[in-house]
Amino acid sequence: MPVPAFAQPGGLAPGEYITEHGWGVLSIQPAEKGALHFSIEAVGGNLFVCGLDGEIRNGRAVLPGDGKRCIVQFTRKGEDIDVAADPSCKYHCGARAVLEPLVKDCRRTLDRFQGGWIRNDLAITQYRLGDVAGCRHTLAPLQKDARQSDEDLKQEYGQMDAEKYLPVIRAARTNLKLCGGKAAGR
């Protein structure tokens with residue numbers, strides 16, 4: 001198949017590229033000033049989702065990563081495109097990739113129960129990836145309640161709400177201890 005005129009050097013052309021067995025999709029679209037816009041959605045064997053998107057210039061994309069830049073290299077191989085990413089790109093995969101945008105973009109619409117569980121899930125993921133500072137930061141909005149006793153929380157929120165909220169706070173207490181934060185309630 002001939003490479004379209006709007007393809008970049010190296011033969012990258014707009015279109016959708018699907019992995020064998022359909023576990024990943026690469027979409028490439030024309031962008032401004034000779035760049036190509038790409039998005040990748042993939043599901044790993046552990047059912048973690050990876051999602052990347054950005055601009056490809058001269059066969060590579062540079063994105064924010066795990067403390068440094070995430071570099072993704074795109075190489076045309078026949079009708080296929082080989083995609084290679086460096087280890088800092090793990091930032092875009094797994095629970096962190098799914099939950100961080102929720103905490104950031106949806107915090108105004110999440111109630112304390114949903115938001116609390118999402119924060120706990122993200123914090124434990126950050127902890128397991130060695131990001132204890134990120135874990136503490138994620139749990140910071142729950143610290144005040146985590147320091148209170150269960151009885152104080154029942155007084156503050158009422159019996160019904162407290163019954164739903166206490167499991168969130170108990171998880172936050174455990175996660176704060178793991179991450180080196182302060183949680184004294186019970």
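Quick note: the coordinates plus some simple rules give every number you see, no bench work behind them. These figures come from a predicted structure and were not determined experimentally. Quick reminder, even Gly has a Cβ in these numbers, built from the backbone with ideal geometry, and neighbours come from all protein chains shown.
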field: Distance in nm between pseudo-label sites at E20 and L129 (7 Å out along the Cβ direction from Cα)
entry: 3.0
task: Quick one: order C106, C89 by neighbouring beta-carbon count within 10 Å, fewest to most.
output: C106, C89
field: Within segment 83-168, trypsin sites (Lys or Arg not before Pro) in DSSP loop having at most 11 other beta-carbon neighbours inside 10 Å
entry: R108
task: Could you tell me what % of all Cα pairs in segment 15-92 have separations over 15 Å?
output: 56
query: Where the only charges are on Cβ atoms (+1 Lys, Arg; -1 Asp, Glu), what is the dipole of segment 15-92 about its Cα centre, to the nearest 20 debye?
result: 360
- line: Filtered hits (lysines, Cα-Cα < 21 Å from K68, offset >= 8 within chain) -> K90, K104
